[in-house]
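The values are calculated or read from the model by the stated rules, or taken from the named source; none is laboratory data. These numbers were taken from a predicted model, which means no experiment stands behind them. Counting neighbours? That spans all protein chains shown, and the Cβs are built from the backbone with ideal geometry, glycine included. Ligands, DNA and RNA are stripped out before the accessible areas are found, and what is left, the full protein with its side chains, is counted by its heavy atoms. Shrake-Rupley method; radii C 1.70, N 1.55, O 1.52, S 1.80 Å.
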2 protein chains.
Amino acid sequence: MSRAIYLDENEFPKSFYNVLPDLPEKIPPYVDPKTKEPASLEAMAALFPIELLKQEMNYDDRSIPIPAELREVYIERLLRPRPLVRATNLEKHLGLPPDVKIFYKREDLSPTGSHKPNTAVAQAYYGMKEGVKGYATETGAGQWGSSLAYAGMLFGMDVEVFMVRCSYEQKPYRKVMMNMFGADVKPSPSDTTQVGRKFLAEGRSSGSLGIAIAEAIERAVTTGKKYSLGSVLNHVCLHQTIIGQECIEQMKMADETPTHVFGCFGGGSNFAGIAFPFYELNRNKKAGIRLIAVEPDTVPSLTKGKYEYDHGDSAGLTPLIKMHTLGKDFMPPPIYAGGLRYHGAAPSVSLMVKHKLVEAQTVSQADVNPMAELFAKSEGIIPAPETTHAIAAVVRTALEAKRKGAAATLLFNFSGHGLLDMAAYEKPGGAGQKK
Amino acid sequence: MSRAIYLDENEFPKSFYNVLPDLPEKIPPYVDPKTKEPASLEAMAALFPIELLKQEMNYDDRSIPIPAELREVYIERLLRPRPLVRATNLEKHLGLPPDVKIFYKREDLSPTGSHKPNTAVAQAYYGMKEGVKGYATETGAGQWGSSLAYAGMLFGMDVEVFMVRCSYEQKPYRKVMMNMFGADVKPSPSDTTQVGRKFLAEGRSSGSLGIAIAEAIERAVTTGKKYSLGSVLNHVCLHQTIIGQECIEQMKMADETPTHVFGCFGGGSNFAGIAFPFYELNRNKKAGIRLIAVEPDTVPSLTKGKYEYDHGDSAGLTPLIKMHTLGKDFMPPPIYAGGLRYHGAAPSVSLMVKHKLVEAQTVSQADVNPMAELFAKSEGIIPAPETTHAIAAVVRTALEAKRKGAAATLLFNFSGHGLLDMAAYEKPGGAGQKK
């Protein structure tokens, strides 16, 4: 059996797996903050393409076919299916016994280096079909912005990205990448929106994700563009389920069933992408696979947040979402993993945590720090700072199984590489510091 | 027919293609600068593992089997075979007619982002088999150093890299990557070698590739380590021929024969890797495929250099090599493509240029500048600055064929991505500058 497990192109999933019909209760609706009434599809249509809203609120169809044209993009552009790899060298480094095994899915092998393009190309495709002129979006460190820029380039669609100003200035390479894909990138707050000018006038020029969301939403509604989100929402998690579906086929080829499936957790999309199809397996086959969302202990939305209605952004512009939240005013500490600094959580995953269908675990900065170097030195790939959180939980579980003499087959989503985040590993305490 | 063409793992080449027996004359021997006699295998054994020297001087066997253990590393670690892609979007951007086609080989899909690990893992493997303790090497911008660091990590071998000090200070991320793979990286000139201390005392502290080579060689001979080179030499080009062999099978699957094969040209290894197997096809099948090495017009070793004996390094420490050279004292201008700033050329390619079996072309900085953005905007991948030189020649040839109404099938080696070179695209005149 080879270390790397491939699928043929024709084995790429034919549909997305929609978890909504399989949840133990109907997911609570989005609520209009003014009327306190459920936000209707029609009301949200100013922001999102209709087809994405239909997916967002589809409580009936667990299988949503992937159109042939979009499927071709996944296969020919994103080079899916992507390999699943047995972490033989990491196992050796950890001294694991033969019945403690680790597998990971190579989502870093995308044009922008993470799983984000999986939903970006779908959003651009459905938007293009409806004649959407362009998207406005926000980005923190730039992973999402560069993925939507890439997708917009593929479908000939304008993309405008409001990038939190401190990242815009400190992390110029993601901005360069977005520009190269043809996107327009503005530091946020910018002087091109009302809300941006307001924050600038208040002296809050270094920006925040909340301000950037507000600017993107204003741009979308005032120009007839649409707004796009890279995580949290149901349709985003839906698109990412191609990851887990591929993994199920690949684990079969390896003649293995995972006992644990891990993903790091920020808004929820990479975790949902790998975990939801295994949730379906749990339901249908009583597989008993533990699904584990891993968050930093400094941003503990699933483990310490309240399950209640809150805004998706800090400025209070989005509909209210029932989710695990630390409160929209929560100020996350400046951890390197920008993708995990979010106060809320996907409403689908939140509901599953409430019903104990998904476990949430935290890892500390001390757990996480050695992981990038450990993975680079064993498996030879430099993980994104976000991904190191999943690795930390996997390593902890593997060593625990070893100690107890228990068997375990651990699968995790290697959600992205760290090649554009090397600064994180250069700083004191980061990996890559020569002792 | 899919845009991306894959091979199965079992279709990965079983042997390297050795071009030496197929050359029209015996390649001139390396010459000892002191005795002016051909350098013997024994004399060079202080620097290189015996097996690599045997490959270097093998004039008899055109096929050199790849050991099973090494083949496994290519398949399971470097994820070979790598896809070949039809550049359908680039063709569309250029408005090419249906009979002008462009294909490219995805060598960027390696752990360090370029073709360099193809020879690094082979050198580490053969070294390990002979009990070599470790390698010392030099690196300019860091591509080669990080690839050997990766290979050393795989085979449990010490790697020490002397990195030209100005790159060490200006391009910290490659250094961080090498450290993460466990290599020891020193800015060169360093105070850890005699020759380094000499240059430091002379005030030449910013360093050069010539000085770094000198330090690596000194370290190798004084510590019983071996010395390793990432390009130029016959055995390096030999290992890279897996690229072209895969391409031949993939072009067959696409039911196409290339009319032109391109690679950018610095020391020669990525060009040789894709071109040599097609040279064999030209010999055996009279295929008439044009093999085109593309160099910057500011470092024109193949097009303007003399074919004569010269040192491989600027310090005059290596044996004399018969090659196209601009002279060991040639000072290349500070172009972004660090991998193409070399005064000499692979002796094998030099001989083929002499016999008009390989064509050399130059591209200007003005030709090259728009290529990174063009490729990002069409194919969605950000090329390394080196690779943009090959793209510029491909685009020129494609547009010429279009103008003439001629058919052409162009294949080039997409030798690496630019994710760790984004600074090059940020500067004035680089791609990624917002107009």
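From the residues in segment A:268-299 that are among the small types (Gly, Ala, Ser) and open to solvent by less than 10 Å² (accessible area, probe 1.4 Å), which one is farthest from residue A:338 (Cα to Cα)? Let's see the steps before the verdict.
First pass over segment A:268-299, keeping only residues among the small types (Gly, Ala, Ser): A:268-269, A:272-273, A:275, A:287-288, A:293.
Adding the requirement that they be open to solvent by less than 10 Å² (accessible area, probe 1.4 Å) leaves A:268-269, A:272-273, A:275, A:293.
Values: A:268: 14, A:269: 14, A:272: 18, A:273: 19, A:275: 22, A:293: 17 Å.
Applying the filter and picking the extreme gives A:275.
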Could you tell me whether residue A:137 is under 14 Å from the mean Cα position of the chain (by Cα) and either β-branched (Val, Ile, Thr) or open to solvent by less than 10 Å² (accessible area, probe 1.4 Å) (or both)? no
Looking only at strands (runs of 3 or more DSSP E) that lie completely in segment B:300-363, which have at least 3 residues being buried (at least 22 other Cβ atoms within 10 Å of the Cβ)? B:320-325
Among the numbered conditions (1) more than 14 Å from chain B (Cβ to nearest Cβ); (2) in a loop (DSSP other than H, G, I, E, B); (3) among the basic types (Lys, Arg), tell me where residue A:80 comes up short. (1)
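Restricting segment B:1-33 to residues that are within 14 Å of chain A (Cβ to nearest Cβ) and hydrophobic (A, V, I, L, M, F, W, C), which is surrounded by the fewest Cβ atoms within 10 Å (Cβ to Cβ)?
So the first thing to find is which residues in segment B:1-33 are within 14 Å of chain A (Cβ to nearest Cβ), and the list is B:1-12.
Filter once more, keeping what is hydrophobic (A, V, I, L, M, F, W, C): B:1, B:4-5, B:7, B:12.
Details: B:1: 8, B:4: 17, B:5: 22, B:7: 19, B:12: 20.
Looking at the filtered set, the residue picked out is B:1.
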Taking the condition of being over 17 Å from residue A:168 (Cβ atoms), basic (Lys, Arg) and touching a residue at least 40 places away in the same chain (Cβ under 8 Å), how many residues in segment A:191-230 meet it? 2
Are any residues in segment A:1-54 among the β-branched types (Val, Ile, Thr), in a loop (DSSP other than H, G, I, E, B), modelled with pLDDT of 95 or more and more than 18 Å from residue A:239 (Cβ to Cβ), and if so, which ones? none
Conditions: (1) within 14 Å of chain A (Cβ to nearest Cβ); (2) open to solvent by 50 Å² or more (accessible area, probe 1.4 Å). Residue B:36 meets all but one. Number of the miss? (1)
Would you check if there is a residue in segment A:66-76 being within 14 Å of chain B (Cβ to nearest Cβ), closer than 30 Å to residue A:219 by Cβ, in a helix (DSSP H, G or I) and open to solvent by less than 30 Å² (accessible area, probe 1.4 Å)? yes
Selection status of residue B:116, open to solvent by 30 Å² or more (accessible area, probe 1.4 Å) and over 22 Å from the mean Cα position of the chain (by Cα): no
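Just need a number here: residues in segment A:182-210 that are open to solvent by 10 Å² or more (accessible area, probe 1.4 Å) and away from chain B (no Cβ under 14 Å).
Residues of segment A:182-210 open to solvent by 10 Å² or more (accessible area, probe 1.4 Å): A:182, A:184-187, A:191-192, A:194-195, A:197-209.
Okay, now just the ones that are also away from chain B (no Cβ under 14 Å), so A:191, A:194-195, A:197-209.
The number of residues fulfilling the criteria is 16.
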Do the conditions hold for residue A:423, that is, is it within 14 Å of chain B (Cβ to nearest Cβ), under 21 Å from the mean Cα position of the chain (by Cα), small (Gly, Ala, Ser) and part of a helix (DSSP H, G or I)? no
Given the criteria charged (D, E, K, R), more than 23 Å from the chain's Cα centre (by Cα) and assigned to a loop (DSSP other than H, G, I, E, B), does residue B:204 qualify? yes
A careful count of residues in segment A:42-61 that are under 20 Å from residue A:317 (Cα atoms) and touching a Lys or Arg at 6+ places or on another chain (Cβ under 7 Å) gives 3
Could you list, in sequence order, all residues of segment B:156-181 that are within 11 Å of another protein chain (Cβ to nearest Cβ), over 20 Å from residue B:266 (Cβ atoms) and not in a helix (DSSP H, G or I)? B:156, B:181
So in segment A:146-170, with the set limited to residues that are under 18 Å from residue A:108 (Cβ atoms) and of a type outside the set (A, V, I, L, M), which one is surrounded by the most Cβ atoms within 10 Å (Cβ to Cβ)? A:146
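Of the residues that make up segment A:255-264, is at least one closer than 18 Å to residue A:118 by Cα and of a type in the set (D, E, K, R)? Please lay out each step first, then the result.
Our first condition is that a residue be closer than 18 Å to residue A:118 by Cα; within segment A:255-264, this holds for A:263-264.
Within this subset, residues satisfying the condition of being of a type in the set (D, E, K, R) are none.
No; the residues of segment A:255-264 include none that is closer than 18 Å to residue A:118 by Cα and of a type in the set (D, E, K, R).
Filter segment A:377-387 down to residues that are out of contact with any strand residue (DSSP E or B) (no Cβ under 8 Å at 6 or more places or on another chain) and in a helix (DSSP H, G or I) and give me whichever is nearest to the other protein chains (Cβ to nearest Cβ).
Let us first name the residues in segment A:377-387 that are out of contact with any strand residue (DSSP E or B) (no Cβ under 8 Å at 6 or more places or on another chain), namely A:377-378, A:380, A:385.
Restricting the remaining residues to those that are in a helix (DSSP H, G or I) gives A:377-378, A:385.
Working: A:377: 5, A:378: 8, A:385: 13 Å.
Of everything passing the filter in segment A:377-387, A:377 is nearest to the other protein chains (Cβ to nearest Cβ).
Just to be sure before I move on: is residue B:355 modelled with pLDDT under 95 and away from chain A (no Cβ under 14 Å) in the structure I sent? Explain how you work it out, then say what you get.
Working: modelled with pLDDT under 95: no; away from chain A (no Cβ under 14 Å): yes.
Spelling it out, it is not the case that residue B:355 is modelled with pLDDT under 95 and away from chain A (no Cβ under 14 Å).
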Check segment A:140-147 and report whether any residue there is in contact (Cβ under 8 Å) with a residue 40 or more places away in the chain and out of contact with any helix residue (DSSP H, G or I) (no Cβ under 9 Å at 6 or more places or on another chain). no
Please enumerate the residues belonging to segment B:364-414 that are within 20 Å of residue B:256 (Cα to Cα), of a type in the set (A, V, I, L, M, F, W, C) and touching a Gly at 6+ places or on another chain (Cβ under 7 Å). B:412
Please state which of the following conditions residue A:43 fails to meet, knowing it meets all the rest: (1) under 30 Å from residue A:392 (Cα atoms); (2) without any contact (Cβ under 8 Å) to a residue 24 or more places away in the chain; (3) among the aliphatic types (A, V, I, L, M). (1)
Of (1) more than 19 Å from the chain's Cα centre (by Cα); (2) more than 21 Å from residue A:234 (Cβ to Cβ); (3) modelled with pLDDT of 95 or more, residue A:282 satisfies every one except (2)
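Is it the case that residue B:128 is within 21 Å of residue A:380 (Cα to Cα) and either surrounded by fewer than 23 Cβ atoms within 10 Å (Cβ to Cβ) or in contact with a Gly (Cβ under 6 Å, 6 or more places away or on another chain) (or both)?
Numbers: within 21 Å of residue A:380 (Cα to Cα): yes; either surrounded by fewer than 23 Cβ atoms within 10 Å (Cβ to Cβ) or in contact with a Gly (Cβ under 6 Å, 6 or more places away or on another chain) (or both): yes.
For residue B:128, the condition - within 21 Å of residue A:380 (Cα to Cα) and either surrounded by fewer than 23 Cβ atoms within 10 Å (Cβ to Cβ) or in contact with a Gly (Cβ under 6 Å, 6 or more places away or on another chain) (or both) - is met.
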Mind listing whichever residues of segment A:91-142 are over 18 Å from residue A:179 (Cα atoms) and of a type in the set (A, V, I, L, M, F, W, C)? A:94, A:96, A:100, A:102, A:103, A:109, A:122, A:128, A:132
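What about residue B:374, is it open to solvent by 30 Å² or more (accessible area, probe 1.4 Å), in a loop (DSSP other than H, G, I, E, B) and at pLDDT 95 or above?
Values: open to solvent by 30 Å² or more (accessible area, probe 1.4 Å): yes; in a loop (DSSP other than H, G, I, E, B): no; at pLDDT 95 or above: yes.
It is false that residue B:374 is open to solvent by 30 Å² or more (accessible area, probe 1.4 Å), in a loop (DSSP other than H, G, I, E, B) and at pLDDT 95 or above.
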Taking only pairs six or more apart or across chains, which ones have beta-carbon atoms under 8 Å, a first residue in segment A:236-257 that is open to solvent by 20 Å² or more (accessible area, probe 1.4 Å), and a second residue that is at pLDDT 95 or above and assigned to a helix (DSSP H, G or I)? A:245/A:277; A:248/A:277; A:248/A:278; A:248/A:281; A:249/A:11; A:257/A:251
